[in-house]
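One structure below.
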Amino acid sequence: MNPVLQVLGALLPSAGVAFLFWLAMRSIIGADRRERLAMARLDAQEAARGNASEPTAVSAQPADGGVDAESRNDASVDRHSSSS
């Protein structure tokens, strides 16, 4: 068999996967661009109507500072046991 055909046969699967990856990334980036444009249009419409509300920042951390009840209880037990 011709060595050039062997090389092409070896590289073709990788090239095919690279092409599929490129198509997928192109689709994802295009969808993101269209979503951003739609959100900008929606924000502009809301601002034109005067209904634009400020987005509120939502903290990912619980109100108690991220300490769960068990950790609080363990800490209080440790505090009481160390004082004896």
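The values are calculated or read from the model by the stated rules, or taken from the named source; none is laboratory data. As the structure is a prediction and not an experimental result, all values here were calculated from the model. Backbone-built Cβ (ideal geometry, glycine too); neighbour counts: all protein chains shown.
Values for this structure:
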item: The lone exception for S84 - which of (1) part of a helix (DSSP H, G or I); (2) surrounded by fewer than 10 Cβ atoms within 10 Å (Cβ to Cβ); (3) at pLDDT below 90; (4) polar (S, T, N, Q) it fails; result: (1)
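Matching residues to (1) β-branched (V, I, T); (2) exposed (fewer than 10 other Cβ atoms within 10 Å of the Cβ); (3) modelled with pLDDT of 70 or more:
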site: L5; (1), (2), (3): no, yes, yes
site: L12; (1), (2), (3): no, no, yes
site: A31; (1), (2), (3): no, no, yes
site: R34; (1), (2), (3): no, no, yes
site: M39; (1), (2), (3): no, no, yes
site: E54; (1), (2), (3): no, yes, no
site: Q61; (1), (2), (3): no, yes, no
